[in-house]
Structure formats: structure tokens, C-alpha cells
1. Within segment 43-58, can one find any residue that is polar (S, T, N, Q), in contact (Cβ under 8 Å) with a residue 60 or more places away in the chain and more than 18 Å from Thr3 (Cβ to Cβ)?
2. In segment 9-26, is there at least one residue being within 21 Å of Ala116 (Cα to Cα) and over 11 Å from the mean Cα position of the chain (by Cα)?
3. Determine whether Thr47 is among the polar types (S, T, N, Q), out of contact with any helix residue (DSSP H, G or I) (no Cβ under 7 Å at 6 or more places or on another chain) and under 24 Å from Lys88 (Cα atoms).
4. Residues of segment 7-29 being in contact with a helix residue (DSSP H, G or I) (Cβ under 6 Å, 6 or more places away or on another chain) and either surrounded by 18 or more Cβ atoms within 10 Å (Cβ to Cβ) or at pLDDT below 95 (or both), which ones?
5. Filter segment 48-74 down to the residues that are charged (D, E, K, R) and outside any loop (DSSP other than H, G, I, E, B), then identify the one that is most open to solvent (accessible area, probe 1.4 Å).
6. Would you check which residues across segment 75-120 are part of a loop (DSSP other than H, G, I, E, B), within 9 Å of the chain's Cα centre (by Cα) and over 13 Å from Met63 (Cα atoms) and list them?
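The values are calculated or read from the model by the stated rules, or taken from the named source; none is laboratory data. Fair warning: this is a prediction, and the values are worked out from it, not measured in the lab. Every residue, glycine as well, gets a Cβ built from its backbone with ideal geometry; the counts of neighbours run over all protein chains shown. These accessible areas exclude ligands, DNA and RNA; they are computed on the full protein's heavy atoms, side chains included. Shrake-Rupley method; radii C 1.70, N 1.55, O 1.52, S 1.80 Å.
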Amino acid sequence: RATVVIGDKKGRVGMGIGKSVEVQKAIKKAVTQAKKELFRIPLNKTTIPHEVLIKFKSSRVMMRPASPGTGIIAGGPARKVIELSGIKDVLSKSFGSNNPVNCTKAALTALKRLRALPVKPAIVAKPAPTPVTK
């Protein structure tokens, strides 16, 4: 069995699992499935827009936004998913099971749950009142 995560490091990432007797065929199947599963992640400059905590089966993944320059603080499969998605600054922690498939799916589910922050409308200045001359 092969588990493959692909991403363009610009906000798109996907995962695929392929099974076969031969390793190369399993990888090829996994890559094909991963390409079909690609999805876009909302980014807030170099980090994620908000904190997220996801449970997938017995694996849990927590991700928090980080200030610029922090880097990727994550371990295991979650780190690879975050790197391939294009996120540069994030704090992450994996809890529970360390099964690579479940950790990867938990990280992907966490990224899917991210929502872009609403854009605040620009405050338009009121024109100055015209002076009344007599």
C-alpha cells in the first residue's frame, strides 16, 4: 500500500492511497487518486486564517496560526501535508494514534475546515461640509 500526498505549495493539496502487489503500481494509483482529490486552502499571507482542532478516528490534529518567521512547527505526516500545501508559518500538534494514514487524513480534514477571514469593508471618509458664505 502506498500513501501519497501531492501539493503545489501555493494552496492546493491532495492525498491518495493505492494498493498493488508491485510498489510502482501502488504509487501510480495513489498519485492518480491524489490528483483527483486536490483542494484549495485559504491562506492568510503565510499562515492559516484561524485555529482548528480535528479528530479523525483515533488521531487528532491541532493547528494554530503563527507569526511570520516562525516556520512549520509540526511532526510526522502532518508536517509533510503542511509543507506541500504552501503554509510557511504554523504551530501544529498531533495527538492520539500515530498511524500515518489517519494522521494524514486528520491533517487534510483540518485544512479542509479552514475558512477565509471576512474582509473588512474600507471606511469611506465623508466629504467635508462646504462652508456657508453670506
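1. So far as segment 43-58 goes, yes, one or more of its residues are polar (S, T, N, Q), in contact (Cβ under 8 Å) with a residue 60 or more places away in the chain and more than 18 Å from Thr3 (Cβ to Cβ).
2. no
3. yes
4. Those that are in contact with a helix residue (DSSP H, G or I) (Cβ under 6 Å, 6 or more places away or on another chain) and either surrounded by 18 or more Cβ atoms within 10 Å (Cβ to Cβ) or at pLDDT below 95 (or both): Gly7, Val13, Gly14, Met15, Gly16, Gly18.
5. The extreme case among them is Lys55.
6. If the condition is that a residue be part of a loop (DSSP other than H, G, I, E, B), within 9 Å of the chain's Cα centre (by Cα) and over 13 Å from Met63 (Cα atoms), then Gly86 is the only one that fits.
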